Amino acid sequence: MKPSHGGSDKLRRDIESYTCGEVPSPLELLRAPVLNYWSANVRRRGKEFVLVITGDVSKHDEYPDGENIATGAVAWFDRHGRFARTTARVFALREPAGDEVPLEGIDI
Amino acid sequence: MCTIPKDASTRERDDKIRWLSAVLSRPTWRSAFAEAQRKTRRSSGFNAAAELQRAGTITIGDRAKILMGFSNRVRADDPVLSLAWQLLALRPSDDEVVVRAVVDGAFGLLRSCTDGSTRTAIARLRVWRDVAIGKYDGTAYSDDFFDIAKRYWPAEMDNLKGDRMRPATAAERHPAFDLLMCGRWDDAFGTLHARSEKVIGAERAQALLDALSDRKAMREEIRDLVDLLYACASPNDGATALAWSMLNCDPRKPETFHAVMPQLQHALDAADLPADDDAGLRRRLRVWWRAAEGEFKTAKVSIFRFADPEAECWPDPAEPNAALAFVRSTPAATASGPTLVVMPKVKATKLNSFHSPYKDLVDAPLPLVIVRDLARSRAALHAEFPHATVAVDLLLRDLREGKTARVAPVCLVGDPGSGKSRMVRKVSDLLRTYLYRFDAGSSTDAHFAGTSKAWGNTEPSVPMRAIAQSQTASPWILLDEIDKAGTSNHNGSLTHALLGFLDVETACRYRDQSLDAEVDLSACSFASTANSVEKMPSPLRDRFRIIRVPNPTLAHLPPLAANVMRDLAAQDEARAGDEPLARDELANIGRAWAPYKFSMRALKSIVRGTLEARDSCAMRH
């Protein structure tokens, strides 16, 4: 057993509600930081593994808009790729990476 | 393990086995008796308790006889119930052979349960067996197997840890944890399907089964189902939905893991599980994570197979040889451990189109199979071949714990049916080496050493074929009936072909004429069987260590017959409930066996005949 995370009560409640099929409310998603051109990556933490999401952030308290960041360990990743819940907060996910058309690929 | 779709008879059988496992988990003989009595009364209509009472004050030996009578009466209707009565008739003071015969039958039955956990029952039965073989003196505490098992089964549970079965506490666990313990996708599907049938309704359940043949349709079906389950808005259904989405994880597409792994890890972190259970689940989950990382992109099997520690099957990129099921069960196939380059590039020439399976061997370090648990293997072999313990010891003489599983060339000599080939096969099974059986009796040329590269359809030597098939550097080659090999030298002969392989000195620099490469066969083992050494050419006789396998004698009959009974029970579940052979039956078998010079093959058919005769006149007692 891992020790529970500090202030994890909210997290536990959120996960429970996601397990019941709920998703964050539109208001919550509106307030949440947004990740654009995101991709999910598996990282190793010692023996254990975590899933993190990298992408261009906006509306985050601690980062300037447009900065490319990696989130903390994801505790719930929406199966339709709409949002991700990390230990600390919910991220709203917009465009996934890889779909953007490279400029040099366009024949003008 | 699970088969799908499950038909009604399988389910009914599983129910019966689960009932037996519940009886075995009773704390005392008395409560187990009550349970068996209830069931007998329901199914066969006679009241066992009343009959036992009618018998008045009886000795405990008489009690066993009466219970065996019950067992015979219900056998035709319900073999499992009959077995339960036999188990109830056993006492710790009974003869080891008697106890083992009944308990081994029950083991076979419990292990065959396709779902539901029989693990605790197996652990308890192991205590029964250990008491019977005198591992610990159970009689010092109690004269009741159930009571003794109650005290000691947790310790046996530890020994069962590596078992493929699921742990016993299935009640309130997250369904995903049960799924993690499954060794195959099919098992996982079966487990989950049975579990969610009620929630999703019969129609949907059938649709899932229908989609089984089409992988793409299956994925769609599961995706819909997951949405449906989440829409139920209950924590249990949500948990089941997560478990279902695990089935859509494909190691070839790591992104399919992304929406599963964080949830799964969180569920495991939040669950309060017993330490060993938790550790096992985490170990498996780490393999899932590695798949999510993209480590197994070239895999050909499901993630469940990877995560199963019993079935090590790490992928070999661009592995062309499909017949590699063996490697998956070889612990040595994992990356760590000693290796040997069988085909160094510097000593190889260009391979031609017939040699495509061998291209990967060039300069490839192939794993050497390492001897593990030699003492246990030795004990298992002694139990299986009680008449040939000396031969077993001689055969294992070269093996050292932690070293390569290689023996110098040996030749087992003995009468037909004394168990020579079986012994070699068993040894190789226990060592987990690959066994390539070569029928020397039908060999009339030098094909063993392969055919020249100049010929069409050229084929490498047998040891190289074994190495390529096993992808290990240390396969075993069994030359069966070597004394019956053709002696003509017209197309070369097996004898001459063999000589180059049998000495380490030449084998480690053997030039394979088909591959035209110098290969290192020093880790290959050669075992042969023969009925007599007189007919063997002397160059072979010199190179093989001769081990004589004696015939069994009448004294070995009880354990050997018990072994045969266990083999029969393993092949045929209806035989699992057979009671051990009685003294008079053993005496008859002994009389019938002697004219066959105590051949093991003969013993098997005699025992089978005895059991069939017993069935045909069922009321023997």
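Throughout, read-outs are computed from the coordinates displayed, never taken from laboratory work. The model shown is predicted, which means the values in this text are computed figures rather than measured ones. FYI the Cβ positions are ideal-geometry reconstructions off the backbone, even for glycines, and counts take in every protein chain you see.
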Fill in: Over the range B:1-106, relative contact order from alpha-carbon pairs under 8 Å, at least 6 apart, %
22 percent
Discussion item. Can you order the peptides B:69-75, B:536-542 by their average number of other Cβ atoms within 10 Å per residue, highest first?
Written reply: B:69-75, B:536-542
Response to the item:
Cβ-Cβ cut-off under 15 Å around B:SER442, Lys and Arg +1, Asp and Glu -1: the net charge is -3
Discussion item. Only counting other Cβ atoms within 10 Å, I'd like B:THR389, B:THR191 sorted with the fewest neighbours first.
Written reply: B:THR389, B:THR191
Discussion item. If neighbour count is taken as other Cβ atoms inside 10 Å, put B:LEU351, B:LEU87 in order from fewest to most.
Written reply: B:LEU351, B:LEU87
Practice prompt. Collect residues whose amide H, placed 1.01 Å from N in the peptide plane, falls under 5 Å from the amide H of B:LEU366; neighbours closer than 5 in sequence don't count.
Written response: B:LEU340, B:VAL341, B:VAL342
Discussion item. Residue by residue through B:186-198, how many Cβ atoms from other chains fall within 10 Å of the Cβ on average?
Written reply: 0
Fill in: Among beta bridges that DSSP assigns inside chain B, antiparallel share in %, nearest 5
30 percent
Discussion item. I'd like the distance separating the alpha-carbon centroids of the range B:551-621 and the range B:335-361, in whole Å.
Written reply: 49 Å
Item to complete: Before rounding to the nearest 500, sum -39500 (n - 2.57) across all DSSP H runs of length at least 4 in the protein assembly as shown and divide by the residue total; then give [θ] at 222 nm in deg cm²/dmol.
Response: -14000 deg cm²/dmol
Response to the item:
Amide H neighbours of B:GLU459 at under 5 Å, excluding residues fewer than 5 places away on the same chain, with H built from the backbone geometry, are B:THR451
Discussion item. Only bridges whose two residues both fall in the protein assembly as shown count here: according to DSSP, what percent of them are antiparallel, nearest 5?
Written reply: 55 percent
Worksheet entry | Taking the range A:9-97 and dividing mean pair separation by its residue count, relative contact order in percent (alpha carbons under 8 Å, at least six apart) | 29 percent
Discussion item. Please give me the summed charge of the neighbours of B:ARG204: other residues whose Cβ is under 10 Å from its Cβ, Lys and Arg +1, Asp and Glu -1.
Written reply: -4
Item to complete: Sort the range A:9-97 into rounded, prolate or oblate with this rule: let a ≥ b ≥ c be the square roots of the eigenvalues of the Cα gyration tensor; rounded if a/c is under 1.5, and if a/c is not under 1.5, prolate when a/b is larger than b/c, oblate otherwise.
Response: oblate
Worksheet entry | 3J(HN,Hα) from dihedral phi, the range B:396-401, Karplus parametrisation 6.51/-1.76/1.60, rounded to Hz, x for glycine, proline | 8, 4, 6, 7, 10, 4
Response to the item:
The ratio Rg/Rh over the Cα atoms of the protein assembly as shown, Rh being the Kirkwood inverse mean 1/r radius, stands at 1.03
Worksheet item: Using the count of nearby Cβ atoms within 10 Å as a rough guide to exposure, how do A:TRP38, B:TRP455, B:TRP289 rank from fewest to most?
Response: B:TRP455, B:TRP289, A:TRP38
Practice prompt. Using only C-alpha positions, report the orientation-averaged shadow area of the convex hull of the range B:8-162, nm², one decimal.
Written response: 9.1 nm²
Item to complete: Sketch the reach of a paramagnetic label on B:ARG215 as a point 7 Å from Cα along Cα-to-Cβ, and name the residues of the range B:249-271 whose backbone nitrogen lies under 19 Å away.
Response: B:249-258
Discussion item. What does the C-alpha gyration tensor say about the overall shape of the range B:374-548? Classify as rounded when a/c is under 1.5, otherwise prolate if a/b is larger than b/c, or oblate.
Written reply: oblate
Fill in: For q = 0.06, 0.09, 0.11, 0.12 Å⁻¹, Debye-computed log10 I/I(0) when each Cα of chain B counts as one equal scatterer
-0.42, -0.92, -1.23, -1.32
Worksheet entry | Three-way shape call for the range B:175-307 based on the alpha-carbon gyration tensor, with the a/c threshold at 1.5 | oblate
Worksheet item: Hey, what do the phi angles of the range B:507-514 turn into as Karplus ³J(HN,Hα) couplings, whole Hz, using 6.51/-1.76/1.60 and θ = phi - 60°, x for Gly and Pro?
Response: 5, 6, 10, 7, 9, 6, 6, 7
Practice prompt. Give the Cα extents of the range B:554-616 along the principal axes, in whole Å, largest first.
Written response: 30, 19, 17
Discussion item. Amide H of B:SER528 versus every other amide H placed in the peptide plane: which residues, excluding those fewer than 5 positions away on the same chain, fall under 5 Å?
Written reply: B:VAL410, B:CYS411, B:LEU412, B:LEU479
Worksheet entry | Under the Karplus curve 6.51 cos²θ - 1.76 cosθ + 1.60, θ = phi - 60°, whole-Hz ³J(HN,Hα) for the range B:425-433, x wherever Gly or Pro sits | 4, 5, 4, 5, 4, 5, 7, 6, 8
